[in-house]
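Written out below as structure tokens is the structure these notes cover.
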């Protein structure tokens with residue numbers, strides 16, 4: 001993650017026991033100051049740790065692009081390692097333009113309020129689904 005307020009506040013509850021309560025262990029916990037000039041050492045640490053999931057928490061498109069490119073270069077991209085980010089920046093059309101759909105495959109993001117095409121139909125389906133027991 002980068003050291004901006006958005007990333008720090010997003011990660012704080014995870015670091016303070018939220019992940020442990022969910023049965024997840026932190027294998028790599030790295031913070032950088034943007035802008036990144038090279039993401040090699042960060043991604044090497046992730047690859048060496050062999051995690052099941054990566055919370056990728058940069059806040060700027062240039063850092064997003066550099067990190068995603070490096071993940072792909074090291075064989076962790078395209079869904080091989082599920083990536084969860086925060087904020088709309090990583091899902092911005094500029095990312096798709098800069099990297100292509102293959103390189104951004106497998107990246108998910110958490111966004112507080114962002115409309116998408118097809119959202120109304122998805123919401124209607126969700127609302128009409130029977131409640132699951134328990």
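Hey, among the residues in region 51-75 that are within 16 Å of the chain's Cα centre (by Cα) and part of a loop (DSSP other than H, G, I, E, B), which one's nearest to residue 99 (Cα to Cα)? Steps first, please.
Let us first name the residues in region 51-75 that are within 16 Å of the chain's Cα centre (by Cα), namely 51-72.
Narrowing the set further to residues that are part of a loop (DSSP other than H, G, I, E, B) leaves 51-53, 57-60.
Numbers: 51: 24, 52: 23, 53: 21, 57: 18, 58: 16, 59: 17, 60: 15 Å.
Top of the filtered list is 60.
Within region 52-67, the set of residues being crowded, with 17+ Cβ neighbours inside 10 Å and over 17 Å from residue 111 (Cβ atoms) comprises 54, 63, 65, 66, 67.
Okay, residues lined up against (1) touching a residue at least 12 places away in the same chain (Cβ under 8 Å); (2) farther than 30 Å from residue 66 by Cβ; (3) under 16 Å from the mean Cα position of the chain (by Cα):
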| position | (1), (2), (3) |
| --- | --- |
| 100 | no, no, no |
| 111 | yes, no, yes |
| 121 | no, yes, no |
| 126 | no, yes, no |
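Only one of the numbered conditions (1) within 24 Å of residue 4 (Cα to Cα); (2) assigned to a helix (DSSP H, G or I) is violated by residue 108, and that is (2). A count restricted to region 112-134 and to residues that are within 27 Å of residue 89 (Cα to Cα) and assigned to a loop (DSSP other than H, G, I, E, B) stands at 7.
Among residues of region 45-58 that are farther than 14 Å from residue 85 by Cβ, none has a Cβ under 7 angstrom from a residue that is assigned to a helix (DSSP H, G or I) at a sequence gap of 6+ or on a separate chain.
Read-outs: derived from the displayed coordinates by stated rules, not from any lab. As the structure is a computational prediction, the values presented were derived from the model and not from experiment. Here the Cβ is made from the backbone with ideal geometry for all residues, glycine too, and neighbour counts use every protein chain on show.
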